[in-house]
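A.B. asks: Please find one structure pasted underneath; my questions will follow.
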Amino acid sequence: MTGDTSPPNHQRTITIPIMSSTRAGAANSIRVNGGNPLSGRVRAHGAKNAVLKHMVAMLLAPGRYRLDNVPGILDVDIMGEVLDHVGASCTRRGPVIEVDVPERLNPEAPLELVRRMRASILILGALLVRVGTARVALPGGDDFGSRPIGMHLDGLEQMGAEFELRHGVLEASAPNGLRGTEVFLEFPSVGATENILLAAVLAKGRTVIGNAAREPELADLASLLNAMGAKVDGAGTSTIEVIGVPHLSPADHTVVADRLEAGTYALAAAATGGMITVEGCDPSFLRMELRKMEAAGCTVERSEDWFSVAGPDRPEPQDIATLPFPGFHTDMHPQMVAFLARATGTSLVTENVYAARFRYIGELNRMGADIHADGQHVVIRGVDRLSGCEVDGCDIRAAAALTVAGLTADGETIVRDAEHIDRGYDGFVETLRSLGADVDR
């Protein structure tokens, strides 16, 4: 987060994919000395879970696009590589990306790119409806157990797609084109909703997606698609209706705020007994997370595009279940557990989205926490204090959560494998330092 997202005048234009000099030369550990209450103001960057989908949506029509409020994170670089392989070109100047999409695309996303980021599976629906064929390796990303894409494929098959899996690569075709239909999802999967939506905007006829995901980032994707000339109605509700159009046109767009980044900094401040104001983020994007923080003893103030959080000396215990939006976000689960590790009683977090998200628990216990997993449940018995030590940040949110824990711990904490942070947070250490944390990379 930064106070001013406009690029400095001297900043040169670069072609992405490219790692920023900060990330390319950064050490792969974060050092934290705990004990400092965090306070100050931060401004939200654009959402990782929105900008990656916007970049895919641009493949639906040739021409030049401009995205503003783009975070400087590694996953944007990786998606830039995916687009580059397909035939598009991306340039970045600070928080702005321009994408040039040609008339002809290479309908293939190779394993070495897709395995690094599961969001690249969304290229499937866009390529199918634009080109008629696609070859996409099965996705990778963080290791949270099985993440089947069956709902993606079932929905696209109902629209006329055909799939064959060969040597780990999905070979897709739409011999008669894609046509609109009614698709009812078994679960409000964000990825499946987005893949079907991207295909539906250029499919023939009317598509209805029932039990659709309702996330703000998905509504933001629909906003970009409508600016391109699509006819999408109901995004942000459980029923999305799409009337296919014959063609789309390029459009400019500003990426919605990253609620997970905003929530992480809010929990970091609350865990230290500090106070933070987050600007540029609609608090309704974090409605359940903020309610749980209030119940834990935080003082929360809300406005239209900002909120503030002041933390208690120690939080009250909470029972939380992760659910699709507007429920508690699974990507806020580890940070909330780190916050509740010092609660005055026993908390329970139930993970309903990703079955194998618990590797961070052993690392928090190394710091003196009293946490154990029982099936899909995490039982957190609050302790008086944590103590710093070396821990392993095994994925984006785990590394963030362990840093939050380090901010409250006695002594020094070293979070190893901190390069995961670079996939989802722009200037993570710098932002914490601006709030008063004793932290460096």
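A.B. asks: Look through the stretch 121-154, keep the residues that are touching a Lys or Arg at 6+ places or on another chain (Cβ under 8 Å) and on the phi > 0 side of the Ramachandran plot, and return whichever of them is modelled with the lowest pLDDT.
C.D. replies: The extreme case among them is Gly145.
A.B. asks: Can you give me the ranges of the helices (runs of 4 or more DSSP H) entirely in the stretch 359-441 with at least 2 residues that are surrounded by fewer than 23 Cβ atoms within 10 Å (Cβ to Cβ)?
C.D. replies: 360-366, 428-434
A.B. asks: Identify the single condition in (1) touching a helix residue (DSSP H, G or I) at 6+ places or on another chain (Cβ under 6 Å); (2) part of a helix (DSSP H, G or I) that His333 does not satisfy, given that it satisfies every other one.
C.D. replies: Every listed condition holds for His333 apart from (1).
A.B. asks: I would also like to ask the following. Are any of the residues in the stretch 268-279 under 27 Å from Asn211 (Cα atoms) and part of a loop (DSSP other than H, G, I, E, B)?
C.D. replies: no
A.B. asks: Next question. Would you say Val114 is at pLDDT below 90 and either crowded, with 22+ Cβ neighbours inside 10 Å or at positive phi (or both)?
C.D. replies: So Val114 passes the test.
A.B. asks: Look at the stretch 207-258 and say how many of its residues are over 30 Å from Val278 (Cβ atoms) and of a type in the set (D, E, K, R).
C.D. replies: Adding up the residues that qualify gives 3.
A.B. asks: Same structure, new question: When the residues of the stretch 25-53 are filtered to those that are under 13 Å from the mean Cα position of the chain (by Cα) and more than 22 Å from Leu402 (Cα to Cα), which remaining residue is surrounded by the most Cβ atoms within 10 Å (Cβ to Cβ)?
C.D. replies: That would be Gly46.
A.B. asks: Here is a further query. May I ask you to say which residue of Ala203, Ala222, Ala230 is more than 20 Å from Ala161 (Cβ to Cβ), in the same structural domain as Thr133 (by TED's automatic domain parsing) and touching a Leu at 6+ places or on another chain (Cβ under 8 Å)?
C.D. replies: One residue alone meets the criteria, Ala222.
A.B. asks: Please determine, by comparing only the residues of the stretch 74-111 that are closer than 23 Å to His167 by Cβ and in contact (Cβ under 8 Å) with a residue 40 or more places away in the chain, which one is surrounded by the most Cβ atoms within 10 Å (Cβ to Cβ).
C.D. replies: Here the residue is Val82.
A.B. asks: May I ask you to say which residue of Glu316, Glu294, Glu304 is in a loop (DSSP other than H, G, I, E, B), without any contact (Cβ under 8 Å) to a residue 24 or more places away in the chain and of a type in the set (D, E, K, R)?
C.D. replies: Glu304
A.B. asks: May I ask you to list pairs of residues, at least six apart or on different chains, whose Cβ atoms are under 8 Å apart, with the first in the stretch 413-441 being closer than 15 Å to Tyr265 by Cα and the second being of a type in the set (Asp, Glu) and modelled with pLDDT of 95 or more?
C.D. replies: Gly424/Glu261; Tyr425/Glu261; Asp426/Glu261; Val429/Asp440; Arg433/Asp440
A.B. asks: Would you mind finding the one in Glu157, Glu194, Glu171 that is in the same structural domain as Thr239 (by TED's automatic domain parsing), at pLDDT 95 or above, surrounded by fewer than 21 Cβ atoms within 10 Å (Cβ to Cβ) and not in a loop (DSSP other than H, G, I, E, B)?
C.D. replies: Step by step, each of Glu157, Glu194, Glu171 is checked, and only Glu157 is in the same structural domain as Thr239 (by TED's automatic domain parsing), at pLDDT 95 or above, surrounded by fewer than 21 Cβ atoms within 10 Å (Cβ to Cβ) and not in a loop (DSSP other than H, G, I, E, B).
A.B. asks: Follow-up. Look at Asp305 and say whether it is more than 29 Å from Ser29 (Cα to Cα), surrounded by fewer than 16 Cβ atoms within 10 Å (Cβ to Cβ) and in contact with a Leu (Cβ under 6 Å, 6 or more places away or on another chain).
C.D. replies: On the way: more than 29 Å from Ser29 (Cα to Cα): yes; surrounded by fewer than 16 Cβ atoms within 10 Å (Cβ to Cβ): yes; in contact with a Leu (Cβ under 6 Å, 6 or more places away or on another chain): no.
It is false that Asp305 is more than 29 Å from Ser29 (Cα to Cα), surrounded by fewer than 16 Cβ atoms within 10 Å (Cβ to Cβ) and in contact with a Leu (Cβ under 6 Å, 6 or more places away or on another chain).
The values are calculated or read from the model by the stated rules, or taken from the named source; none is laboratory data. Because the structure is predicted, anything quoted here is derived from the model rather than measured. All Cβ positions, glycine included, derive from the backbone under ideal geometry; neighbour counts span all protein chains shown.
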